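For reference, the structure discussed in these notes is given below.
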Amino acid sequence: MKWMEFIKIQTASSDVAAKMPTLIEPYKARQGLLEIKVFRHASVDDCSLCLRWDTDSPQPRGSSVGFMLCNTLKQYGLVDHAVWI
């Protein structure tokens, strides 16, 4: 089943989006992970990640990858993590 995790970070730090490629690189080869996309807000320093999955069943509370990324991103600001089916 295909599902998506959306992680949003609200931050005052302007370099978070620039650090994303390094932060997500170790997770790209996870089984079931189709892609990770990084988005920057058009006018403020906030950014978000979209993790697209294809697994036997969705994980309603999020994947281990999503939790690890959230924990890493908490040092930069407020983090919101949601799962979409």
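The values are calculated or read from the model by the stated rules, or taken from the named source; none is laboratory data. All values reported here derive from a predicted model rather than from experimental measurement. Neighbour counts run over all protein chains shown; Cβ positions are idealised from the backbone, glycine included. Just the protein is used for accessible areas: all its heavy atoms, side chains included, with ligands, DNA and RNA removed. Shrake-Rupley method; radii C 1.70, N 1.55, O 1.52, S 1.80 Å.
Figures for the structure shown
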{"read-out": "Restricting the range 3-18 to residues that are in contact (Cβ under 8 Å) with a residue 12 or more places away in the chain and not in a strand (DSSP E or B), the residue that is least open to solvent (accessible area, probe 1.4 Å)", "value": "Val16"}
{"read-out": "Condition broken by Thr22, with the remaining ones in (1) among the β-branched types (Val, Ile, Thr); (2) open to solvent by 90 Å² or more (accessible area, probe 1.4 Å); (3) more than 14 Å from the chain's Cα centre (by Cα) satisfied", "value": "(3)"}
{"read-out": "Contacts under 6 angstrom Cβ, first residue in the range 53-80 being on the phi < 0 side of the Ramachandran plot and acidic (Asp, Glu), partner modelled with pLDDT under 95 and assigned to a strand (DSSP E or B), 6 or more apart", "value": "none"}
{"read-out": "Selection status of Phe39, open to solvent by 70 Å² or more (accessible area, probe 1.4 Å) and part of a strand (DSSP E or B)", "value": "yes"}
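Results for (1) modelled with pLDDT of 95 or more; (2) buried (at least 17 other Cβ atoms within 10 Å of the Cβ); (3) touching a His at 6+ places or on another chain (Cβ under 9 Å); (4) outside any loop (DSSP other than H, G, I, E, B), shown as yes or no for each residue.
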position: Ala29; (1), (2), (3), (4): no, no, no, no
position: Asp45; (1), (2), (3), (4): no, yes, no, no
position: Leu51; (1), (2), (3), (4): yes, yes, no, yes
position: Gly66; (1), (2), (3), (4): yes, yes, yes, yes
position: Val79; (1), (2), (3), (4): yes, yes, no, yes
position: Ala82; (1), (2), (3), (4): yes, no, no, yes
